[in-house]
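The values are calculated or read from the model by the stated rules, or taken from the named source; none is laboratory data. None of the values given here were measured: they were computed from a predicted structure. Cβ placement follows ideal geometry from the backbone for every residue including glycine, while neighbour counts extend to all protein chains displayed. Remember, those area values only see protein heavy atoms, side chains included, never the ligands or the DNA or RNA. Shrake-Rupley method; radii C 1.70, N 1.55, O 1.52, S 1.80 Å.
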Amino acid sequence: MEITLDELEIERPAEIKRIVGGFGFQRRIAALGLRVGKIVRKVASEPWRGPIVVEVDGTRVALGRGMAMKIFVEEIGE
Amino acid sequence: MKILLMGNPNVGKSVIFSRLTGTDVIASNYPGTTVEFTKGTMKLSGKRAEVIDVPGTYALEPISKAEEVAVEMLHEGDVVIQVVDATNLERNLYLTLQLIEKKVPLIIALNLWDEAKHIGIKIDVKKLEKLLGVPVVPTVAVTGEGIKELVSRLPHARISAYRSTDHEKWADIGRMIAQVQSVTHRHHTLLEKLGDLSIKPLTGIPLSILVMYLAFQIIRFIGEGLIGYIFEPLFELYTPLVMKISQLLGPGFLHDILIGTLIKGEIDYTQSMGVLTTGLFVPFAMVLPYVFSFYLVLSFVEDCGYLPRLAVLIDNVMHRLGLHGSAIIPMLLGLGCNVPGILATRILETRRQRFIAATLTAICVPCTAMLAVVAGLVGKYGLQGLGMVFITLFIAWVILGVLLDKLLKGESPEIFLEIPPYRIPYWGALLKKLWMRIKYFLKEGVPYVLLGVFIANVLYTLGVIDFVGRIASPVIVGLLGLTKETAAALIIGFLRKDVAVGMLLPLGLTMKQLIIASVVLTMYFPCVATFAIIVRELGVKDMMKSAGVMIVGAILVGSLLNLIL
Ligand SMILES: Nc1nc2c(ncn2[C@@H]2O[C@H](COP(=O)(O)OP(=O)(O)OP(=O)(O)O)[C@@H](O)[C@H]2O)c(=O)[nH]1
Ligand SMILES: [Mg+2]
């Protein structure tokens, strides 16, 4: 089932299925490894809808909730 | 010949630049350390070549002022050394393909080779070279490994024949990675686990408070120690010499300027106000020890990689001020000196953010030099005095930020930040950085301090200070509850704030007045160096706007304090 990166649970690995949003946005997050097909793990989620932190390819990336809501993932290994 | 050092942020470009040119530049473990270009020279097969360190960029489409600088520099280079993070080969190659597209002669420094090895990443360098069609040299910038080979192969930098269209790039890179890189399955290292713990809110927030508290205590401990055990005793040794000079000069104008007033026939370094007495004592025995201890701690925090984590934890708060978490980095740098702090606002994406960040830094973030003297001033009342100054400035910072966010059009983008791994600082590199910053204070700060004391004396003698004091007295005395003589400090504050605060010393102000004066001196206007950098970064018009906020803010806050305290 596709959920947004925002909704993904902490520590649960997932695969990026779809990214919505403009070309500039897509290119920008792609440059840090957030691309369709990548496996991500959510490391942290700051309170009061603060940013989230994900691990992708061994790197940690922090991104705002608005961005996280444009990235759709599917949990793996259930 | 011009050689450009380009690459993603935080991959070691600045360290390699220092290695190649012998010119020291600041390198720290967070993306966005370098925000403007630095030029240096090196010898290349007997000829002089210019090397340029530029800000990091993920792609050739800039998203911040710092990245813009990097992309603009591309037209200037004859050769590009792309510094690549070997632990993140895949995403670094995107910029490689973009650079190849620009048809610049290219050579790759595959840096952080030590870390790649350590975490079990193997890269077939020969094959990568063949695939890309440009030389690739593994390097470890911090130890110097591979730098010689990089230099010797520089002449072989070439324009690759590789071509790929925009939407093929990632697929192409994927295929390359499959051929050249193998990763042995790795467990998360201890540092990595600690890194994650310091970013999860439940553990990260208490840890951040602990870090801040420890940082403050260590800075104070070292600063006070240096003053009490080294610098004050040194000045005691110096006293007989000054007394000699004082006797030789005899009373008169020159004596007033060089030695100042003798207090009960003795030199009082905090009150005499001569160039050779207070003029030397303030920068060396009051400020320098804290410059040392502040930058020692800051450099450590920078190099281990804590700052981006703090940025994430504080993101929420910064959004209320129209900024996002990354803006905490310029503010912390501003706590050392506002000039590099305001320069560092270049890492922010929009002009609006940069205006807010620069204004808030200039108005509510006191620099170490100033704080050191404030500490000396109110220190005798215990931590209470300093605490009041801090709390007032903090509240003003929040309120002003919220107001600016409401009043200025536009919205603030969200944080999007790479969080580097924790690294154990190299002491050599750390001490070199510390020395650079101290040198900056000695060269750019101390002369202004002396000049400030000199000018203050001249203005006194000419009666200018008395005159201004009388004119400004409705505000200074009426609203702020200070004495007329503090006008002198407000005038000299345009030049240098540490001297300005120092000038309050002989005035015999009460603790309440000292707190108000310290707050007003921080807020009312930037020192000339900060002023110049704001004009350069934001332009004259925005500087005027910013200055308006400062003057009004300072008077409001000062008057309120006068009513409340
Ligand atoms: N272990 C290791 N650390 C390195 C190496 N090269 C650089 N570093 C560290 O990596 C961090 C980043 O180095 P910088 O030279 O500031 O990186 P930069 O590419 O100039 O970064 P920006 O200016 O932010 O784009 C620093 O803390 C360096 O000490 C290396 O080869 N090995
Ligand atoms: Mg740099």
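Brief remarks on what is shown
- Dimensionless Rg/Rh of segment B:2-186 - Kirkwood Rh, Rg from C-alpha atoms: 0.93
- The length gained on full extension between B:Lys130 and B:Thr261, counted as 0.36 nm times the residue separation minus their Cα-Cα distance, comes to 39.6 nm.
- Ranked by how many other beta carbons lie within 10 Å on average, peptides A:55-67, B:190-202 from highest: A:55-67, B:190-202
- Long-range Cα-Cα pairs in segment A:2-75 (distance over 21 Å), rounded percent: 12
- Alpha carbon centroid spacing (whole Å) that separates segment B:364-423 from segment B:505-565: 13
- Summed side-chain charge close to B:Ser198 - residues other than B:Ser198 whose Cβ falls under 12 Å, Lys, Arg +1, Asp, Glu -1: +2
- A Förster radius of 45 Å, combined with the Cβ-Cβ distance separating B:Thr189 from B:Lys380, puts the computed FRET efficiency at roughly 0.40.
- Here the calculated FRET efficiency for B:Met544 and A:Lys17, from their Cβ-Cβ distance with R0 = 41 Å, stands at 0.20, rounded to the nearest 0.05.
- In nm, spacing of pseudo-spin labels at B:Val317 and B:Glu411 (7 Å Cα→C-beta vector): 2.4
- Ranking A:Ile52, A:Phe23, A:Val36 by Cα position along the charge dipole of chain A, where only Lys, Arg, Asp and Glu carry charges on their C-beta atoms, puts A:Phe23 farthest toward the positive end.
- Alpha-carbon gyration tensor eigenvalues x 5, square-rooted, for segment B:299-437, Å: 25, 23, 13
- Within the assembled protein chains, the solvent-accessible surface assigned to B:Lys433 is about 10 Å², based on a 1.4 Å probe.
- Centre-to-centre, using Cα atoms only, segment B:428-456 and segment A:1-59 are separated by 45 Å.
- Ellipticity at 222 nm from helices only: DSSP H runs of n ≥ 4 in chain B, each -39500 (n - 2.57), divided by the residue count, give -18000 deg cm²/dmol.
- Counting Lys and Arg as +1 and Asp and Glu as -1 over every other residue whose Cβ lies under 10 Å from the Cβ of B:Leu207, the net charge comes to +2.
- Volume of the Cα convex hull of the protein assembly as shown, divided per residue and given in Å³: 166
- When Rg and Dmax are taken over the Cα atoms of chain B, they come to 26.3, 84 Å.
- Relative contact order [Cα under 8 Å, 6+ residues apart], chain B, whole percent: 12
- Neighbours of B:Pro330, meaning other residues whose beta-carbon lies under 14 angstrom from its beta-carbon, give a summed charge of -1 when Lys and Arg score +1 and Asp and Glu score -1.
- Sites B:Phe231 and B:His118, calculated FRET efficiency, Cβ-Cβ separation with R0 56 Å, nearest 0.05: 0.85
- Pairwise centroid distance, computed over Cα atoms, of segment B:296-346 with segment B:14-46, Å: 22
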